[in-house]
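Trainee: I'd like to ask you about the structure that follows.
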Amino acid sequence: MGANEHSSVDGQSLSLRQIIDSAPALIHTARPDGYLDFFNKGWLNFVGQPLEKLLGWEWTFFIHPEDVEAFVQKWRESIATGESFEGAARVRRADGEYRWMLHHKLAMRGDDGRIIKWHGSSIDIEGRTRAEEELRKSARVLQTSEFYLAEAQRLGHIGSWVFDPTGGFDYWSRELFHIYGLDPEKHAPTLEEYLARVHPHDREFMASLIKRMLAEGLGCDVTKRIVRPDGELRHIRCVGAPVVENGTLKRIVGSAIDVTEHEILTQELRRRESYLAEAQKLSHTGSFGWAPDTGEILWSEETYRIFEYDPAEKVTFDMIMERVHPEDRNLALEIVERASTSGDAIDCEYRLLFADGRVKHLHILAKPLQNACDSFEFSGAVIDITEAKQAEEQIRRNERELRALVEAIPAYVGTSLPDGSVDFISQSWLDYTGFSREQGMGWGWGSAIHPDDVDRVVANWRAGLAAGAPVEHELRCRRADGTYHWFLYRGLPFRDDGGDVVKWYGTLTNIDALKETESALQTREHQLLGIIETIPSMLWSTSPTGEPTHNSQRLLEYVGTSHEEFVNRGWASFIHPDDREESAKAFFQAIKTGESYNVMHRVRRADGEYRWHQTRGEPLRDPHGKIIQWYGLSIDIDERKRAEDHLRNTRMKLSTASKIATVAELSASIAHELNQPLMAVLGNAQAAKRWLTACPPNLTETNASIERILRDIRSADKTMQHIRALFKRESFEKREANITDIIGEAVRLVHEGPNKRAVLIDCHFDAHLPTVSVDQIQIQQVLCNLISNAIEAMEGSRTPPLVKIRAALTDQNEMLIQVIDNGPGVDDTEKIFDAFVTTKESGMGIGLAVSRSIIEAHGGRTWGENNPHGGATFSIALPLSSVSRNPTGA
């Protein structure tokens, strides 16, 4: 199997490469001539070298000199004879130590018997070798090993345990006693004693989890809090795995890790993040990221506060423009358009106008970052300068000289003479640098500039002095504690009436946070690219017309070609000839209509083998609905497809045998009637499992799912009781019931099925319908059967599936309920009610027969008929009781 193959476990795809990399053995492969062409991450980590240092015969460099000749000779003999290879040799580890390794290589042959690949593994047997030698010398090795194990558990704060389902804990390691603050000389605690040590807020959850583990044979991975006998609170991660023999849970084994320090560090990280948010709030400076191509916008909490939007909302470009003052909107749009097309940096100010008439002034700073797709993304800061603008307005009315100074607020402020020497500097700047006022005057400020920035800054400053033009540059300045922060310097000349520069006014704005944001965005960009390449599927994208624009490395490696060759040959050339026409037809139909693309076909792997893949594609649209790109992925489903084909054949063979057995008839009927509530139980159980495995577990949603499970289990129990009564021909209890409530519950149960949730069910009932005297559970099961049949009849239809349910009174004083679908209809509307007659591939032919028996037992009628314009209608007519006919008694 290649590095891009997948296996299927419980319906979930796992990357084979990830499995190989996580294996405890060191795995490698070689070509037929013995040239080693692959090593898993375990090998690379063991020797501490990159892959290229091990390929070919370079790996022999890491074999112990005393072992290499015999080892290579034996390997060459295996290559020559084609026999499996097994040999031991010492391999140099990354730290320089040589360790004994047992090496196995097995030849993989093609259909013609020739070797096409060598698969090998290496296992560290150093410990085993030494143990064997020491075992021959002294039996005390066992005691030493046990000591080392206990010491390792002590140093790692890891304890181990074994839980017997019949008797509770029957083993606790010594370190586990220490973790819980208990006496290791005593026996392992009982379940009640164990739960008593769990924190009260976690106790109910742990008791419920243990109960589920025992009932369902499950493992666990959960972090909880405990309270030691001395009152100390500790955080413990508990990992357990079930041991099942012949389908019976024998024991659960696991470990407990003291992760208190990790939890404390996590809380500290959250605290520091809150400090950053508070700093932005105090400085009225928010940060943002913007990707013009995708329209994605990321805001910090302070940016939401500045724009006065709810942080729970996903902000859009239209929402921003809605806040911009009408007089500034065209300017803002022009700046955004220029930046998005040319990648220019953004440095602008505009106003926000709120519904209550309030106005805010904002200063926007943003720099472009070119991503891997050669498009621009912007990282920037938005500063609420409303107070500064208000101060400017006040200062503008007082003195023209001060107006130039505050244009750069908030920042460190200074003034310079026409020759550039400083004659005033704000106290805040002196506090920042630790300079005295005398040190900060003249040209002394230059000593605070980072040495790598001095020449550039001084040259830019002198050029501005010579030209009398504004000066702006970024530089790093040293703080009093010796650390450097990034600043944006802006210097403006002040001229007299004759136009001569008589003063320079400058500001230094701390943009260190902005720089960190830029760095973080760059890091995130690289991480996203890495994530795409590590997704255990093959990803691709095309232009709106279907030309390939990108193929993931995993896809190219799978088919064994480059992107250019893939484009030149065309993707269809890698599809099995029998599937090529249908796949191309579906693909170009999707391109033409803009509908999603979903097809199963066989794809040729680099080694020539065809494997089944499921390929999906979705269009990316611009705000106007125009398709600008197609994105898709291809998933290897070969194993699943083969399993499904085998299962389908098996079911067809079993279908005939099951229909001739009386016991099978009864079982199929029960299974048919219990399917809906049990599917609901399954869906809610899976939901509860997801909520429990979330980090942290969502107990509220878990409890809600469990409540729904209990409700559906009670429903299944009632259904079972009524089925038992039906087959025993016992009398059933009728009660007056609202037919609309019965229909609503049946719709809910059907929608619990994972394949039926998206089907639209249109219910229409006449007003003021009377009650009916029925066994509610039996009628509900009949309706579930009819609704499910209607949905399944429309599978594969080109038109969207639609089920209609109608309820009304007839002239014969009956309650008429109709289930209508837009499927293909049925061939024989009367024979379909006979036992073992079905139109479905996997159907048993029991549902409608049982349904007719239930309705007739209620004194009613049921029948089916095809609709004039397609589809079928199945009707139920139930007689009304005397109470229903005359509810007032008049």
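Every number in this text was worked out from the coordinates using simple rules, so none of it is lab data. Please read these numbers as outputs of a predicted model, since none were measured by experiment. When we count neighbours, we look across all protein chains shown, and the Cβ atoms used for this are built from the backbone with ideal geometry, even at glycine.
Trainee: Can you pull the Rg over Rh of the range 524-598, Cα-only, Kirkwood? Display every interim value, and only then the final one.
Mentor: Numbers: Rg = 13.6 Å, Rh = 13.7 Å.
Rg/Rh for the range 524-598 comes to 0.99.
Trainee: Using alpha-carbon pairs under 8 Å, 6+ residues apart, how would you state the relative contact order of the range 520-653 in percent? Numbers along the way, then the final one.
Mentor: Numbers: 186 pairs, mean separation 29.5, N = 134.
Over the range 520-653, the number comes to 22 percent.
Trainee: Dividing the alpha-carbon Rg of the range 153-288 by 2.2 N^0.38 Å yields what?
Mentor: Details: Rg = 19.0 Å, N = 136, 2.2 N^0.38 = 14.2 Å.
Normalised Cα radius of gyration, the range 153-288: 1.34.
Trainee: If we count every other residue with Cβ under 14 angstrom of Trp691's Cβ, Lys/Arg +1 and Asp/Glu -1, where does the sum land?
Mentor: Numbers: positive: Arg212, Lys689, Arg690, Arg708; negative: Glu701, Glu707.
Summing Lys and Arg as +1 and Asp and Glu as -1 gives +2.
Trainee: Take the Cα atoms of the range 542-581, build their convex hull, and give its volume per residue in Å³.
Mentor: Working: hull volume 3.1 nm³, N = 40.
In the range 542-581, the Cα convex hull volume per residue is 77 Å³.
Trainee: Where does each of 353-363, 636-646, 248-258 land if you order them by average Cβ count within 10 Å, highest first? Each step should come with its number before you reach the end.
Mentor: Numbers: 353-363: 13.7, 636-646: 15.3, 248-258: 17.8.
Answer by packing, highest mean first, reads 248-258, 636-646, 353-363.
Trainee: Right, next: For the range 62-130, what relative contact order do you get, as a whole percent, if you take Cα pairs closer than 8 Å and at least 6 residues apart? Display every interim value, and only then the final one.
Mentor: Values: 104 pairs, mean separation 17.1, N = 69.
Answer for the range 62-130 is 25 percent.
Trainee: Looking at this model, which pairs from Lys734/Lys831; Lys281/Lys314; Lys53/Lys105; Lys41/Lys515 are more than 23 angstrom apart at the alpha-carbon?
Mentor: Values: Lys734/Lys831 29 Å; Lys281/Lys314 20 Å; Lys53/Lys105 20 Å; Lys41/Lys515 35 Å.
With Cα atoms farther than 23 Å apart: Lys734/Lys831; Lys41/Lys515.
Trainee: Now for a different question. For Asp431 and Met321, what does the FRET efficiency come to when R0 = 56 Å and r is the distance between their Cβ atoms, rounded to the nearest 0.05?
Mentor: 0.90
Trainee: Under a crude label model (7 Å from the Cα following the beta-carbon direction), how far is Asn813 from Glu795 in nanometres?
Mentor: Label at Asn813, label at Glu795, 4.4 nm between them.
Trainee: Quick one: of the DSSP bridges fully inside the range 733-833, what percent are antiparallel, nearest 5? Mind showing how you got there, number by number?
Mentor: Details: 10 of 16 bridges.
If we restrict to bridges inside the range 733-833, about 60 percent are antiparallel.
Trainee: Pop out the Kirkwood hydrodynamic radius of the range 192-260 from its pairwise C-alpha distances, inverse of mean 1/r, in Å to one decimal. If you can, show how the numbers build up before the last one.
Mentor: Details: mean 1/r = 0.0782 Å⁻¹.
Here the Kirkwood hydrodynamic radius works out to 12.8 Å.
Trainee: I need the calculated FRET efficiency for the pair Ser283 and Arg524, taking r as the beta carbon distance and R₀ as 25 Å, to the nearest 0.05. Please report the intermediate quantities before stating the final value.
Mentor: Details: r = 23 Å, r/R0 = 0.93.
Approximately 0.60, to the nearest 0.05.
Trainee: Something else now. Name the long-range amide H neighbours of Gly871: under 5 Å, sequence gap of 5 or more, or other chain; modelled H, no Pro or chain starts.
Mentor: Answer set, sorted by chain and number: Gly823, Gly825.
Trainee: Still on this structure: For labels at Glu565 and Glu232 in the simple 7 Å Cα→Cβ model, what's the distance in nm?
Mentor: 6.3 nm
Trainee: Roughly how far apart, in whole Å, are the Cα centres of the range 212-268 and the range 556-626?
Mentor: Rounded to whole Å, the Cα centres lie 46 Å apart.
Trainee: Sticking with the crude label model, points 7 Å out along Cα→Cβ, report the distance from Phe588 to Lys250 in nm, one decimal please.
Mentor: My value for the distance between the label points is 6.1 nm.
Trainee: For His768 and Asp607 in one chain, what is 0.36 nm times their gap in residues minus the Cα-Cα distance, to one decimal in nm?
Mentor: Numbers: separation 161, 0.36 × 161 = 57.96 nm, distance 6.98 nm.
Residue separation times 0.36 nm, minus the Cα-Cα distance, leaves 51.0 nm.
Trainee: To the nearest 0.05, how large is the calculated FRET efficiency for Ser160 and Asn45 if R₀ is 25 Å and r is the Cβ-Cβ distance?
Mentor: Working: r = 26 Å, r/R0 = 1.02.
Efficiency for this residue pair is about 0.45.
Trainee: For the range 413-504, take the convex hull of the Cα atoms, compute a quarter of its surface area, and give me that in nm², please.
Mentor: 5.6 nm²
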